[in-house]
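Engineer: Got a structure for you, written out below as structure tokens; questions coming shortly.
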Amino acid sequence: MRRIFYVLLCITCLSPGISRAQDPQFSQFFASPLTLNPALTGKFNGTLRVAGNYRNQWPQINNAFVTSTISVDGNILANKINAGDAWGVGLMAMSDRTANGILTSNYIAISTAYQKALDENGWNQIGIGFQGSYANKRLDGTQLNFEDQLDQQGGWSLPSSELVSGHQVNLSYFDLNVGVLYNGSTDGNNNYYLGASAYHILQPTESFTGNNLYTLSPRFTVHGGYSFPLSQSNNNNFIHLSGLYSRQANAVDAMLGGAWSYNLTSEEENRNPTNLYLGVWARFSNLTDAIIPYVGLDIGSFTIGMSYDVNVSSLKPASQGQGGFEISLIYIKKPSDGRKPIPCPKF
């Protein structure tokens, strides 16, 4: 299986026109806002947000995909712009290691978004965001075997004509992403939103062999959600529903699910509640892919979430039934003036 995976990796990286790479994806897409939609920059209840994500997918296939991100964003010029509006700026870094580090991809991005209030209390907003990114990728050819290296004894002793054989190859490029978001509420307690984003607008060239025929396909995503209390007289129980549909070339990623949350604190402590979340999502990636149970916890200014992809696809025998473990940690610095928060997307 290890060599089969390496061969597939080589085909993806070295053969223009045969296949198309797909961006790293998180099952907890709602916990990685700056990789989902640039318009989510600064869209939260607070003055500063720091978010971190870690995902290890198919660890039995030689640590097939290990992805981690960290981002920080917040709002600026709050006293200079119209009441109810918000201007966010953010910085995000991401690292993705494929096949135990044979292919390593590192990204850094700067984003900004402006949210325009559509009513006096700011419950309804429409926003647009932009993100510029820099990518650097390294392919370690010293860990790869190619077909022309196979000798008559079944070893890999022959020299290879492949350009990357025996050494490391790097590439880098700049890119541009854009997104829009509508967020609304009818009473200040519920929240609904709909967003769309486009990544890789510049369609940069991505080849380790110097062939300019391969350009990175744009990724288009539509996502939305709805959160509401189970009782109008009691805000201790909420239902959070969310989903997305994403397409990059012929690769389709669709997710749908939700979570129930329960406030574990007393009425006097509701300014900094401790909330428990239990949920499940399903992923459909060209076929039924995974069932994803989720558990989360709000503790003061921190939110931690854990999920696990239960693999139900045709890859189940190769992955030995193991999917992907994922953990997220978000810190939000809350306003010090005690004002009632404006409804914002949470899932």
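Engineer: Small (Gly, Ala, Ser) and within 26 Å of Phe174 (Cα to Cα): is that true of Ala86 in this structure?
Structural biologist: Against the criterion (small (Gly, Ala, Ser) and within 26 Å of Phe174 (Cα to Cα)), Ala86 does not qualify.
Engineer: Out of region 120-130, which residues are under 16 Å from Val178 (Cβ atoms), out of contact with any Phe, Trp or Tyr (no Cβ under 8 Å at 6 or more places or on another chain) and crowded, with 18+ Cβ neighbours inside 10 Å? If you could, list the steps in order and put the result at the bottom.
Structural biologist: At the first step, the residues of region 120-130 found to be under 16 Å from Val178 (Cβ atoms) are 126-130.
Checking the rest, the ones that are also out of contact with any Phe, Trp or Tyr (no Cβ under 8 Å at 6 or more places or on another chain) come to 130.
Across region 120-130, there are no qualifying residues.
Engineer: Sticking with this one: If you take the residues in region 170-200 that are of a type in the set (Val, Ile, Thr) and modelled with pLDDT of 95 or more, which one is nearest to Phe228 (Cα to Cα)?
Structural biologist: Val180
Engineer: While we're here: List, please: which pairs have Cβ atoms under 6 Å, are six or more places apart or on different chains, and start with a residue in region 312-331 that is over 30 Å from Gly46 (Cβ atoms) and end with one that is at pLDDT 85 or above and in a loop (DSSP other than H, G, I, E, B)?
Structural biologist: Listed by first residue and then by second, the contacts come to Gly323/Asp309.
Engineer: Further question on the same structure: For the subset of region 99-119 comprising residues that are surrounded by fewer than 22 Cβ atoms within 10 Å (Cβ to Cβ) and of a type in the set (Ser, Thr, Tyr), which member is farthest from Gly88 (Cα to Cα)?
Structural biologist: Filtering region 99-119 for residues that are surrounded by fewer than 22 Cβ atoms within 10 Å (Cβ to Cβ) and of a type in the set (Ser, Thr, Tyr), the one farthest from Gly88 (Cα to Cα) comes out as Thr104.
Engineer: While we're on this one: Report, by residue number, each residue of region 202-224 that is modelled with pLDDT of 95 or more and either farther than 16 Å from Val252 by Cα or among the aromatic types (Phe, Trp, Tyr) (or both).
Structural biologist: Phe220, Gly224 - these are the residues of region 202-224 that are modelled with pLDDT of 95 or more and either farther than 16 Å from Val252 by Cα or among the aromatic types (Phe, Trp, Tyr) (or both).
The values are calculated or read from the model by the stated rules, or taken from the named source; none is laboratory data. Given the structure is predicted, the values throughout are model-derived calculations rather than measurements. With ideal geometry, Cβ positions are generated from the backbone for all residues, glycine too; neighbour counts draw on all protein chains shown.
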